[in-house]
Amino acid sequence: MSIFHRVFMLWLYLCTPILFVELFLVLYNALKNTPIPSETKDPVKLRLYHVASLLVFRLGKISEKVGICSQISLVRFMLNLTLPGKKSNLYIWDTNFEHVPVRIYQPTSPSTQPRKGLIYLHGGCGIFGNKRGYERVCRHLARESDSVVVYVEYRLGPEHEHPAQLFDCRTATTYFLNKSQDYGVDPNSIILAGESSGGALVAALCRDMVKRPTTPKIRAQILIYPLLQIMDLSLPSHQQNHFGPALTRRRAMKLGLIYMKANIRKVEDLMSNAHVPEFMKMKYKKWLSADCIPEEFKIRGYKPPSPVPFSKELYEQVRLSDETMLSPILDEDAIVQQLPQTYLLTCEYDLIRDDGLLYKKRLEDNKVPLTWNHLKDGFHGVIMFVDTGPLEFSCTKTAFEHILKFIKGL
């Protein structure tokens with residue numbers, strides 16, 4: 001038996017009692033606190049997904065405490081165990097666009113004309129995500145939309161500090177815009193797509209390309225439950241979906257702080273918006289506040305946060321003064337009006353649902369062509385279950401039906 005296996009067996013032996021306790025606590029919290037949508041057709045699967053998400057992070061914390069590996073490393077390892085899904089009718093290969101690794105998915109069937117191109121930017125708070133974990137999503141998009149899909153393997157934090165992720169995505173996107181014909185793609189039919197923090201990268205790139213015009217231009221942007229702002233962290237969806245499912249409020253805050261390398265112990269101060277100076281709150285209130293959220297999305301509960309003292313230390317650590325961290329919701333009308341046609345998916349039971357709703361209002365107010373779909377039984381991470389057989393959620397199928405319809409209609 002190798003040294004690695006001996007250490008692993010010792011760790012397992014020592015941690016078995018702890019694992020049982022941790023499992024019990026996870027199950028207890030999941031059963032007690034987590035709201036399971038009454039509209040969902042898959043309540044058991046959703047609760048299992050939530051429990052599994054909590055358990056992986058708990059196990060990661062244990063591994064970190066006993067010196068096996070960091071929590072981030074364990075979560076990355078678990079995500080890398082994802083099954084790849086169907087490979088049929090696709091050429092799949094890895095290459096580089098300049099210095100950025102990418103994976104390309106190209107339909108094998110002949111085409112009489114250039115195809116659409118779709119650049120996919122994954123989520124994971126800039127910390128997690130790899131091509132293995134998003135293989136099913138990219139294969140499904142390429143196969144069902146008959147498009148060439150480019151998955152961008154951008155550098156991850158906290159090893160690589162922001163805005164390294166944005167720079168990698170910009171490099172890969174610019175390269176593909178200029179070389180798309182080499183891959184059988186119409187340069188005027190290239191779409192940027194991303195989910196969660198990948199949606200933030202998509203929105204940032206589209207804004208960047210308005211400020212620095214490119215030829216050809218991005219045809220459309222697809223935002224799947226996007227993370228779009230860190231100014232107001234006490235919106236209705238933050239309160240309603242505090243305990244998930246899957247993405248809890250506290251977990252999201254901690255991951256965001258890890259990504260920004262911020263040394264903040266009391267995430268409650270962040271949840272209360274202590275990181276935002278009063279002048280910023282007043283300046284952007286017309287675009288970014290609970291007042292901009294339709295009343296129908298406050299029915300499940302909302303209480304305006306109590307005023308808290310401004311923390312300059314928090315403000316500096318979350319880098320609100322950094323232009324690359326400024327929300328696309330806060331761009332001037334002249335910028336927003338030039339954004340490409342947009343598809344936006346929001347989920348009712350998603351911590352960051354209201355980021356999408358705020359961006360939707362900005363796009364509509366500025367007459368940007370917009371297709372919006374809202375999953376009343378949807379939750380954060382729903383698209384990751386595509387092509388998983390019995391594990392697939394009914395709302396996963398609905399989500400992809402909407403996304404594929406939009407792509408085909410361009």
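Taking the numbered list (1) under 19 Å from Ala204 (Cα atoms); (2) at pLDDT below 95; (3) assigned to a loop (DSSP other than H, G, I, E, B) in turn, Gln338 passes all entries but (2). Just one of the listed residues (Arg250, Arg207) is basic (Lys, Arg) and under 21 Å from Ser272 (Cα atoms), and it is Arg250. Looking across region 305-321, the residues that are touching a residue at least 40 places away in the same chain (Cβ under 8 Å) and either exposed (fewer than 13 other Cβ atoms within 10 Å of the Cβ) or of a type in the set (S, T, N, Q) (or both) come down to Ser311, Gln317. Each residue in region 385-395 was checked for being in a helix (DSSP H, G or I) and either of a type in the set (Gly, Ala, Ser) or in contact with a Ser or Thr (Cβ under 8 Å, 6 or more places away or on another chain) (or both), and 4 of them qualify. For region 302-335, give me each residue that is at pLDDT below 90, within 21 Å of the chain's Cα centre (by Cα) and of a type outside the set (S, T, N, Q). Val318, Arg319, Leu320, Asp322, Glu323, Met325, Leu326 - these are the residues of region 302-335 that are at pLDDT below 90, within 21 Å of the chain's Cα centre (by Cα) and of a type outside the set (S, T, N, Q). Of all residues being surrounded by fewer than 11 Cβ atoms within 10 Å (Cβ to Cβ) and in contact (Cβ under 8 Å) with a residue 40 or more places away in the chain in region 82-98, which is nearest to Cys138 (Cα to Cα)? Just the residue, please. Only one residue tops the list, namely Ser88.
Is one or more of the residues making up region 166-176 at pLDDT 95 or above, in a helix (DSSP H, G or I), in contact with a His (Cβ under 9 Å, 6 or more places away or on another chain) and not assigned by TED's automatic domain parsing to the domain that holds Tyr284? Yes; the residues of region 166-176 include at least one that is at pLDDT 95 or above, in a helix (DSSP H, G or I), in contact with a His (Cβ under 9 Å, 6 or more places away or on another chain) and not assigned by TED's automatic domain parsing to the domain that holds Tyr284.
Under the condition of being in contact with a Lys or Arg (Cβ under 7 Å, 6 or more places away or on another chain) and polar (S, T, N, Q), the residues counted in region 35-73 number 1. Among residues of region 156-171 being among the charged types (D, E, K, R) and surrounded by 16 or more Cβ atoms within 10 Å (Cβ to Cβ), the one that is farthest from Gly133 (Cα to Cα) is Arg170. Residues that are of a type in the set (Asp, Glu) and touching a Pro at 6+ places or on another chain (Cβ under 6 Å) within region 366-410 comprise just one, Asp377. Would you confirm whether any residue within region 364-379 is among the hydroxyl-bearing types (Ser, Thr, Tyr) and crowded, with 17+ Cβ neighbours inside 10 Å? Taking every residue of region 364-379 in turn, none turns out to be among the hydroxyl-bearing types (Ser, Thr, Tyr) and crowded, with 17+ Cβ neighbours inside 10 Å. Where helices (runs of 4 or more DSSP H) sit wholly within region 199-306, those with at least 3 residues that are outside the structural domain of Cys169 (by TED's automatic domain parsing) and aliphatic (A, V, I, L, M) occupy 249-259, 267-271.
Scanning region 113-150 for residues being in contact with a helix residue (DSSP H, G or I) (Cβ under 7 Å, 6 or more places away or on another chain), among the small types (Gly, Ala, Ser) and crowded, with 21+ Cβ neighbours inside 10 Å gives a total of 6. In summary, His238 fulfils each of the numbered conditions (1) modelled with pLDDT of 95 or more; (2) surrounded by 23 or more Cβ atoms within 10 Å (Cβ to Cβ); (3) farther than 19 Å from Ile127 by Cα with the single exception of condition (2).
The values are calculated or read from the model by the stated rules, or taken from the named source; none is laboratory data. What you see is a predicted model, and the numbers here were worked out from it, not measured in a lab. Here the Cβ is made from the backbone with ideal geometry for all residues, glycine too, and neighbour counts use every protein chain on show.
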